[in-house]
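Worksheet for the structure shown next.
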Amino acid sequence: MSNSMLAVRFYKPGELRVEQVPVPEVGPGELLVKTSVALTCGTDVKMYKRGHPLVSPPQIIGHEFAGSVIAVGSGVEGFKPEMNVVAANSGPCNKCFHCLMHQPNLCEHLDECIVGFTWPGAYAEYVRIPERIVRQNTFQIPEGVELEKVASLEPLACVVHGWDLVDSVTGGCVVIIGGGPIGLLHAQLARLNGSRSVVLCDVVEERLREAERIGVDVTVNSGREDLMTRILELTDRRGADLVVEAVGRPETWESAPRLARKGGAILLFGGCPSGTMVSFNTEQIHYGELQIQGAFHHTPSAVARAFRLIVSGQVAIGPLISREMPLKDAEEALLQMGSGKALKIALRPPS
Ligand SMILES: [Zn+2]
Ligand SMILES: [Zn+2]
């Protein structure tokens with residue numbers, strides 16, 4: 001094995017460089033993994049366009065990946081070389097206030113090692129997995145499961161965690177705003193959580209067709225049709241039991257409560273640009289007893305359940321991956337994703 005590797009590093013907004021960098025050395029409790037596949041993510045697109053508060057350049061980005069173990073650090077149990085593994089991008093400390101309050105997604109020490117942000121990421125031939133992640137959020141991939149599908153562990157874990165925070169929708173109507181990869185995962189979780197009808201809206205026709213292929217009941221092009229009118233028609237004029245915002249824009253956050261029924265819930269899932277504000281109708285929230293729920297990141301429990309949902313085939317990942325590209329074309333891949341020409345793209349390092 002050579003001691004240098006190909007890696008994609010972020011330098012500043014709009015600038016990624018494909019470079020040769022040293023292969024990382026495995027430390028105690030860590031794993032060194034040869035990346036088989038790394039996926040593009042909406043967060044990577046945002047980082048590429050406007051930077052990210054947690055990233056100090058130059059940094060190797062990429063946090064959705066799967067590969068095979070090359071080296072095992074001292075004290076690691078349960079993993080050995082040549083095993084195919086997938087890991088989430090972070091692991092909580094289990095000691096801080098929020099960890100002790102059973103909110104490990106809000107861990108005060110999460111930022112210390114987030115793969116692809118504060119820790120060198122997976123847009124590289126090799127990635128070193130931090131000890132906390134090895135111990136809590138790394139899994140052996142069973143035979144016969146495609147690595148590119150399991151690589152979507154992190155986004156699905158975030159979605160699973162979001163659903164932990166809202167009331168049951170059994171028999172109800174769920175509206176998903178946004179048909180990107182995250183919206184398509186929410187649509188599948190809605191079904192698994194027993195909703196009777198799943199409605200998804202977007203302004204990109206291809207995304208709506210993809211949503212229909214994964215079993216969404218009603219798709220609405222909200223650029224051409226009034227979403228509110230449609231939801232009222234579908235729900236005996238009551239509104240949706242749950243509205244999930246999966247876009248991350250103040251305008252779509254503000255539209256969410258209007259679509260919910262009295263006593264319903266809205267899950268504000270998409271992260272908006274920092275510093276943005278929204279306003280809501282107080283009467284609707286007060287008299288309508290609306291549950292307004294934010295959601296951030298994932299917990300080890302959500303990661304474990306997301307892993308099971310993928311390997312058991314209960315959540316379809318294939319439709320979220322539009323195409324494959326070589327790792328060196330990461331910038332082009334992020335541009336395609338950012339312009340809506342692709343959902344996720346599977347990046348392949350040279351083998
Ligand atoms: Zn991601
Ligand atoms: Zn903690």
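Among the residues in the stretch 220-237, are any in a strand (DSSP E or B) and under 25 Å from Gln336 (Cα atoms)?
yes
I'm trying to understand the selection: among the residues of the stretch 295-310, which are open to solvent by less than 40 Å² (accessible area, probe 1.4 Å) and not in a helix (DSSP H, G or I)?
Answer for the stretch 295-310, where residues must be open to solvent by less than 40 Å² (accessible area, probe 1.4 Å) and not in a helix (DSSP H, G or I): Ala295, His297, His298, Thr299.
Inside the stretch 198-218, can you point out the residues that are farther than 20 Å from Ala157 by Cα and open to solvent by 20 Å² or more (accessible area, probe 1.4 Å)?
Val203, Val204, Glu205, Glu206, Arg207, Arg209, Glu210, Glu212, Arg213, Gly215, Asp217, Val218
What are the pairs with Cβ atoms under 6 angstrom where one residue, in the stretch 47-68, is without any contact (Cβ under 8 Å) to a residue 60 or more places away in the chain and the other, located anywhere, is open to solvent by less than 20 Å² (accessible area, probe 1.4 Å)? Sequence gap at least six, or different chains.
Correct list of pairs: Pro57/Phe10.
Inside the stretch 233-266, can you point out the residues that are of a type outside the set (Val, Ile, Thr), touching a residue at least 40 places away in the same chain (Cβ under 8 Å), in contact with a helix residue (DSSP H, G or I) (Cβ under 7 Å, 6 or more places away or on another chain) and under 18 Å from Arg196 (Cα atoms)?
Ala240, Leu259 - these are the residues of the stretch 233-266 that are of a type outside the set (Val, Ile, Thr), touching a residue at least 40 places away in the same chain (Cβ under 8 Å), in contact with a helix residue (DSSP H, G or I) (Cβ under 7 Å, 6 or more places away or on another chain) and under 18 Å from Arg196 (Cα atoms).
Okay, residues lined up against (1) in contact (Cβ under 8 Å) with a residue 40 or more places away in the chain; (2) more than 16 Å from ligand 2 (Cβ to nearest atom); (3) open to solvent by less than 20 Å² (accessible area, probe 1.4 Å); (4) among the aliphatic types (A, V, I, L, M):
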site	(1), (2), (3), (4)
Val8	yes, yes, yes, yes
Glu15	no, yes, no, no
Pro28	yes, yes, no, no
Val37	yes, yes, yes, yes
Gly91	yes, no, yes, no
Leu100	no, no, no, yes
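The values are calculated or read from the model by the stated rules, or taken from the named source; none is laboratory data. As the structure is a computational prediction, the values presented were derived from the model and not from experiment. Because the Cβ atoms are built from the backbone with ideal geometry, glycine has one as well, and the counts that use them run over all protein chains shown. Accessible surface is based on the protein model in full, side chains and every heavy atom, while ligands, DNA and RNA are left aside. Shrake-Rupley method; radii C 1.70, N 1.55, O 1.52, S 1.80 Å.
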